[in-house]
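As structure tokens, the structure follows; a few thoughts come after it.
The values are calculated or read from the model by the stated rules, or taken from the named source; none is laboratory data. Quantities reported herein were computed from a predicted structural model and do not represent experimental measurements. Cβ coordinates were reconstructed from backbone atoms using ideal geometry, including for glycine residues, and neighbour counts include every protein chain displayed.
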Amino acid sequence: MSDLAEIKAAARKAGFARRKQAHAADPGTGAGVLSEVLAGYRGVPLSGYMPIRTEIDPLPAMAEAAAHGPVGIPVIIGAGQPLKFAQWEPDMPLVEGAFGARIPETPSFFEPEILIVPLVAFDAAGGRLGYGGGFYDRTLERLRARRPTLAIGFAYRAQMADRLPLEETDQKLDIIVNEHEVIDLRALPI
């Protein structure tokens with residue numbers, strides 16, 4: 001394992017521990033803060049995610065957004081591939097997909113312009129650590145090459161790290177939403 005891989009593994013381990021602790025104390029306010037952000041983008045195609053493990057739950061915000069426009073959820077096609085996004089509606093039939101995340105039983109794919117991105121850790125500059133598969137990095141790179149795509153990291157405040165070990169291929173977040181606040185990073189110098 002390379003030095004960077006070891007450093008990333010340690011940062012992920014610390015992020016998972018912080019997330020687990022925050023999840024246990026979750027006041028349930030995160031989706032409300034996320035809904036406030038999404039209200040400014042009514043009707044814009046977006047993708048959320050089906051929460052697994054100790055991820056903060058975006059489903060109430062996604063359900064509200066679905067009343068105004070298309071909402072999707074990610075589908076893992078295969079290792080090394082970008083994600084595809086299947087249209088989602090509250091209470092639709094779902095089946096288990098890769099890594100235990102639920103996906104539509106009969107997927108109808110589309111391309112979102114906004115991605116609500118789960119994560120393990122983030123930093124004040126918009127850096128993000130995920131699970132290590134690179135799915136969101138590949139996907140954001142592909143979508144951003146076609147048109148502007150907004151990446152909204154959704155996490156607990158406790159998941160913030162002072163600094164993350166990032167690589168050139170790691171895609172930055174534009175906005176971070178947690179259970180207490182919205183951090184808009186688009187105005188920060190690069």
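Things to note:
- Test: Ala24 is under 23 Å from Leu129 (Cα atoms), of a type in the set (A, V, I, L, M) and either crowded, with 20+ Cβ neighbours inside 10 Å or in contact with a Ser or Thr (Cβ under 9 Å, 6 or more places away or on another chain) (or both): yes
- Any hit, the range 81-92, residues being in contact with a strand residue (DSSP E or B) (Cβ under 7 Å, 6 or more places away or on another chain), modelled with pLDDT of 95 or more and more than 17 Å from Ala66 (Cβ to Cβ): yes
- Boolean, Ile73 is outside any helix (DSSP H, G or I) and touching a helix residue (DSSP H, G or I) at 6+ places or on another chain (Cβ under 7 Å): no
- The range 140-164 - residue that is under 24 Å from Gln21 (Cβ atoms) and in a strand (DSSP E or B) and, of those, farthest from the chain's Cα centre (by Cα): Met160
- Asp137 vs. criteria free of Cβ contacts under 8 Å to residues at least 12 places away in the same chain and either within 18 Å of Leu173 (Cβ to Cβ) or not in a helix (DSSP H, G or I) (or both): no
- Taking the listed residues Ala61, Ala66, the one that is under 20 Å from Glu181 (Cβ atoms), aliphatic (A, V, I, L, M) and out of contact with any His (no Cβ under 6 Å at 6 or more places or on another chain) is Ala61, with no other qualifying.
- Complete set of residues in the range 16-40 that are of a type outside the set (A, V, I, L, M) and out of contact with any helix residue (DSSP H, G or I) (no Cβ under 8 Å at 6 or more places or on another chain): Phe16, Lys20, His23, Asp26, Pro27, Gly28, Thr29, Gly30, Glu36, Gly40
- Residue list for the range 165-190, restricted to those being in contact (Cβ under 8 Å) with a residue 60 or more places away in the chain, more than 15 Å from Leu115 (Cβ to Cβ) and assigned to a loop (DSSP other than H, G, I, E, B): Pro165, Glu167, Asn178, Glu179, His180, Glu181, Leu188
Residues are listed down the side, and each one gets a yes or a no for (1) free of Cβ contacts under 8 Å to residues at least 12 places away in the same chain; (2) assigned to a strand (DSSP E or B); (3) crowded, with 20+ Cβ neighbours inside 10 Å:
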{"position": "Ala5", "(1), (2), (3)": "yes, no, no"}
{"position": "Val33", "(1), (2), (3)": "no, no, no"}
{"position": "Glu36", "(1), (2), (3)": "no, no, no"}
{"position": "Ile56", "(1), (2), (3)": "no, no, yes"}
{"position": "Glu64", "(1), (2), (3)": "no, no, no"}
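- The single condition among (1) surrounded by 15 or more Cβ atoms within 10 Å (Cβ to Cβ); (2) farther than 23 Å from Pro70 by Cα that Glu113 does not satisfy is (2).
- Scanning the range 118-132 turns up no residue that is under 24 Å from Pro70 (Cβ atoms) and aromatic (Phe, Trp, Tyr).
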